[in-house]
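This report concerns only the one structure given below.
The values are calculated or read from the model by the stated rules, or taken from the named source; none is laboratory data. This is a predicted model, so every value here is computed, not measured. Please note: Cβ atoms are built from the backbone with ideal geometry, for glycine as well, and neighbour counts cover all protein chains shown. Heads up: the accessible areas ignore ligands, DNA and RNA and are worked out on the full protein's heavy atoms, side chains in. Shrake-Rupley method; radii C 1.70, N 1.55, O 1.52, S 1.80 Å.
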Amino acid sequence: MESGCLRVRTLGQLSLEWAGNRITDGENRSKKVWLLLACLIDSRGRPVTAEELTRILWEAEPCRSTNPPNALKAILHRARASLDLLEPDLGHRLILRQKEGYAWNTQIPLEVDTEEFLRLCRRGELAGAAEERLNSWASALSGYRGRYLPKLSDVPWAAGRAEGLHRRYLHILRLTLPLLAEAGRWAELVRLGQTALKLEPWDEVLCRQVMEALLWLEDPQGAAAVYETLRDGQEHPPDDLPAEDLRALYQEALRRLDPQSLPLEAIHERLREPEGPGGALLCSYDLFRAIYHSMARLLRRNGGTVHLAVISLTSTGGKPLSKRSLDRAAANLMEVLRVNLRRGDSAAQCTSSQFLVLLPQADYGNSRKVCTRIRRAFEQAYPHSPAQLHASVEPLS
C-alpha cells in the first residue's frame, strides 16, 4: 500500500523515512548500499546503466570480485532489502529494472533535502522584496544540517557534489547574516551562525558575527564561549592568534561578566616597567611586576619564550559574583595555582577577579595546556563553586 511521501535526508546524514519508519547510514549496512541508493535517487528520472553504477560504486577502489555484474546484483539485492525495512516489498517498487539499466520509481512521491535547499536559495535570489529574499535564504540555511553524504566523503562522485553544495551554502550564509543583523534578528543570526561554526570552526568573520549578535542579546557568557572555542580548538602559534577585533570583543564580553575585569591592554600597561631599575621578589602584585620586568629584560638579551596567562573568575550564571563568593573563589584559585604550577612559574592576584601567571620556557600550546589543567583542577576541587575560569595567553611583550 502506498502511503505518504518518502523523505530523504542527505545533509549531515543519509536517511530515508517512509510512513513513520526510518533507516539511516548510521546503522550497520554496507557503505556501497548507501552509495547505490544515493546515486539512484540523485539520478531519478533516467535509467542508470549497470556499467555506470559499477564505475561509481568502485571508483574509489577496484572491485575485488572476479564477476562485477554479480557483485552489483548482490548490492542491489541488499539495497532493496534495506528499503523493505520501511515497508514490505518497497525495495522492488522503488528500484526498477529497465532495459537500459536501473531506475528510481518517480511515481512514488519523494522529498529530498538538498533539492529543497537549492530551491529556497534560488527563490531568494529571484525574490523582488528584501524580506522575502531574507526569509527564503534563512529557511535554506536552516535546512543545511551538515555536508552532503559525509560518510561517503571519500567517494569522488559524492565528494564532488558535497563541495559544490557547501560552496553554495557558504555563499548564501555570507549574504544572509549581515541582512539578519540589519533586521535586528539576532537570535536567528546566532542560531544559524552557531550551526555554521560547527562546519567552519576557524572562520573568524563568522565568529565575530556570532559574538556581536550574542552581545546584542546580552549574552556575554555565550560570546566568550564562542571566542574560547575558536582560540582553543587548535594550537595557534603566537603570531597566529585570533584577530585583534575578536580579542576586543572577548574582552568586552569578560568586562560585562565582571565590570572590574581589565582588558589585556590595560594589564600590559599596569605591568609596563617605569623609569629606573626594577624591584625585587615574591608574589604580591608589585613583586609579580618586578618578575615580569626581569623576564622581559632577559628575553631582550638572550631570546627565548615566556607567556603571560590571565585567568579571570566569572559567575557560572552570567551575573556578577557576590563579594563573599568572589573572595572565596579567589582564595581557592590561588591554592589551585600553587599546587598545579611549576616551581619556576609565578602567579599573582591582579584584581579581585583576575590572576596573572608567568610561564617561562613554555610555548603557546603548552601554556594553553597549563591553563586547561588549572581550569580542570579548579572544577574538580570545587565542583559546586559559583565561579568559573576564563584564561587568555599571550607572549610576554
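Computed about the Cα centre, the dipole magnitude for the chain is approximately 860 debye when only Lys and Arg (+1) and Asp and Glu (-1) carry charge, each at its Cβ. For the stretch 297-388, rounded, prolate or oblate, judged on the Cα gyration tensor with a ≥ b ≥ c (square roots of eigenvalues), a/c < 1.5 rounded, else prolate if a/b > b/c? Note, shape of the stretch 297-388 comes out prolate. Think of a 1.4 Å ball rolled over the protein heavy atoms: the chain then has 51 Å² of accessible area per residue.
Between beta-carbons, use under 13 Å as the cut-off and find the net charge around residue 370, counting Lys and Arg +1, Asp and Glu -1.
Around residue 370, the charge tally is +3.
Summed over qualifying helices (DSSP H, 4 residues or more, each -39500 (n - 2.57)) and divided by its residue number, the chain shows a 222 nm mean residue ellipticity of -17500 deg cm²/dmol. The fraction of accessible area contributed by carbon and sulfur in the stretch 4-108 is 47 percent, rounded to a whole number (1.4 Å probe; ligands and nucleic acids excluded). Shown here are the Rg and Dmax of the Cα trace of the stretch 82-156, at 17.4, 49 Å. Equivalent-ellipsoid semi-axes for the chain (Cα gyration tensor, √(5λ), whole Å, largest first): 56, 24, 19. Rolling a 1.4 Å probe across all protein chains gives residue 77 an accessible area of roughly 130 Å².
For the chain, the relative contact order works out to 12 percent when only alpha carbon pairs closer than 8 Å and six or more residues apart are counted.
For the stretch 182-230, the convex hull drawn through the C-alpha positions has a volume of 59 cubic angstrom per residue. If you count Lys pairs in the chain whose Cα atoms are under 30 Å apart, skipping same-chain pairs closer than 8 places in sequence, the total is 15.
A DSSP coil position with no more than 12 other Cβ atoms inside 10 Å describes the following trypsin sites (Lys or Arg not before Pro) in the stretch 65-174: 99. Altogether, the Stokes-Einstein calculation at 4 °C and 1.567 mPa s, with the Kirkwood radius of the stretch 104-199 over Cα pairs as Rh, returns a diffusion coefficient of 90 µm²/s. Across all directions, the average flat footprint of the convex hull enclosing the Cα atoms of the stretch 38-146 is 9.2 nm². Given the C-alpha centroids of the stretch 99-147 and the stretch 18-61, what is the distance between them in whole angstrom? After rounding, the separation between the Cα centres reads 20 Å.
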